[in-house]
Amino acid sequence: MATETELKLLIEPAAMEQLSRHPLLSDAVGQAPRLLHNTYYDTAALDLARAKVALRVRRQGERFIQTLKTRGQSIDGLHQRGEWEWDLASEQLDPALLEADIWPAELIAPDQLALIPVFTTDFMRRLWWLTFEGAEIEVALDLGEVVCDCGDGRHLTDPISELELELKSGPADALFALAHWLAEQAELQPGDISKAQRGYRLFSQCSQHSMDCRGDA
């Protein structure tokens, strides 16, 4: 298990290119933009969401990664939570990888849950790695959208335009210090709502619409 510690910040899409020219990023090791497609899974009753668990499969080029994130906390945009990852041979979810010692006790075994895709996130990511104030930090700019298929011909979407500073090693305070320097180049706002939370919000809106339509029938 790894403990994911990241600072999530909101940024206007038009400011992303400006931010990428900040001297700290210009001098850092970077990576060409890449498209990430993520499918999140839960039960129809959203048992995982209630247990504060996020389960997804990411398609990154020809690589497939299954990720489980457990209950954490978020304060002023700083997110901390447990995280496990497994490489997959295909985009097919593999519940057998979710062993009992990492699975929340309040949930039944994952292979007994009827897990379904509930929403996706699709975004282009630009990455940099740098050393700052004694910390190794991964800097990511994400631009795309959260998408929920309501199943009645409608798709609800929510735009993604974020800067994520993920701590790889060193003191967490370095994330806030780096954000302060980057904010000189572009306006940044703390983001306490994760991509998964935004997806669940869309899923709830879809479900509510379906219930309203059944009530009107």
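Would you mind checking the tilt of helix 195-216 against the longest principal axis of the Cα atoms of the chain, expressed as 0 to 90 degrees and rounded to 10?
Compared with the principal axis, the helix lies near 30 degrees.
For the stretch 49-170, treating each Cα as an identical point scatterer without solvent, what Debye log10 I(q)/I(0) comes out at q = 0.13, 0.14 1/Å?
-0.68, -0.80
With just the Cα atoms of the stretch 146-200, tell me how far they stretch along each of the three principal axes, in Å, largest first.
Its Cα atoms span 47, 25, 14 Å along the three principal axes.
How big is D, in µm² s⁻¹, for the stretch 52-107 by Stokes-Einstein at 4 °C and 1.567 mPa s if Rh is the Kirkwood radius over C-alpha pairs? Can you show the working numbers first?
On the way: Rh = 12.5 Å.
Estimated via Stokes-Einstein, D reaches 104 µm²/s.
Please give, to one decimal in nm, the separation of the simple spin-label points placed at Cys150 and Trp129, each 7 Å out from Cα toward the Cβ.
Simple spin-label model gives 4.4 nm for this pair.
Kindly state, to the nearest 0.05, the FRET efficiency for Leu107 paired with Ser169, given R0 = 35 Å and r defined as their beta-carbon distance.
E between Leu107 and Ser169, to the nearest 0.05, is 0.65.
Roughly to the nearest percent, how much of the accessible area of the chain is carbon and sulfur, given a 1.4 Å probe?
That fraction is 52 percent.
Could you give the accessible area per residue of the stretch 1-88, probe 1.4 Å, as a whole number in Å²?
Per-residue value: 49 Å².
Mind giving me the nanometre distance, one decimal, between the label points for Ala183 and Arg34, set 7 Å out from Cα along Cα→Cβ?
Once both label points are built, they end up 3.1 nm from each other.
Mind checking the dipole of the chain: about its Cα centre, +1 per Lys or Arg Cβ, -1 per Asp or Glu Cβ, Debye to the nearest 20?
Magnitude of the dipole: close to 280 debye.
Compute the long axis of helix 173-182 from its Cα atoms, compare it with the longest principal axis of the Cα atoms of the chain, and write down the angle in degrees, 0 to 90, nearest 10.
That helix lies at roughly 70 degrees to the long axis.
Rounded to the nearest 0.05, what FRET efficiency is calculated for Asp87 and Ala44 with R0 set to 25 Å and r the Cβ-Cβ distance?
Numbers: r = 28 Å, r/R0 = 1.12.
Step by step, r from the Cβ atoms, then E = 0.35.
When only Cα pairs under 8 Å and 6 or more residues apart are kept, what is the percent relative contact order across the stretch 82-215?
20 percent
I'd like the FRET efficiency for Ser207 and Arg71, computed as 1/(1 + (r/R0)^6) with the beta carbon distance as r and R0 of 22 Å, rounded to 0.05.
Numbers: r = 23 Å, r/R0 = 1.04.
The calculated FRET efficiency here is 0.45.
Accessible area per residue for the stretch 144-202 in Å², computed with a 1.4 Å probe and the full protein assembly in place, what is it?
Value returned for the stretch 144-202: 47 Å² of accessible area per residue.
Could you pull the Rg and Dmax for the chain, using just the Cα atoms, both in Å?
18.2, 62
Normalised radius of gyration for the stretch 107-217, please: alpha carbon Rg relative to 2.2 N^0.38 Å, two decimal places.
Computed over Cα atoms of the stretch 107-217, the ratio equals 1.43.
Could you give the length gained by full extension between Ala15 and Leu143, i.e. 0.36 nm per residue of separation minus their alpha carbon distance, to one decimal place?
44.9 nm
In the stretch 7-100, how does Rg compare with the Kirkwood Rh, expressed as the Rg/Rh ratio over alpha carbon atoms?
Dividing the radius of gyration by the Kirkwood radius yields 1.04.
The values are calculated or read from the model by the stated rules, or taken from the named source; none is laboratory data. Remember, predicted model here, so these are calculated numbers, not experimental data. Neighbour counts run over all protein chains shown; Cβ positions are idealised from the backbone, glycine included. Keep in mind that these areas ignore ligands, DNA and RNA; they rest on the heavy atoms of the full protein, side chains included. Shrake-Rupley method; radii C 1.70, N 1.55, O 1.52, S 1.80 Å.
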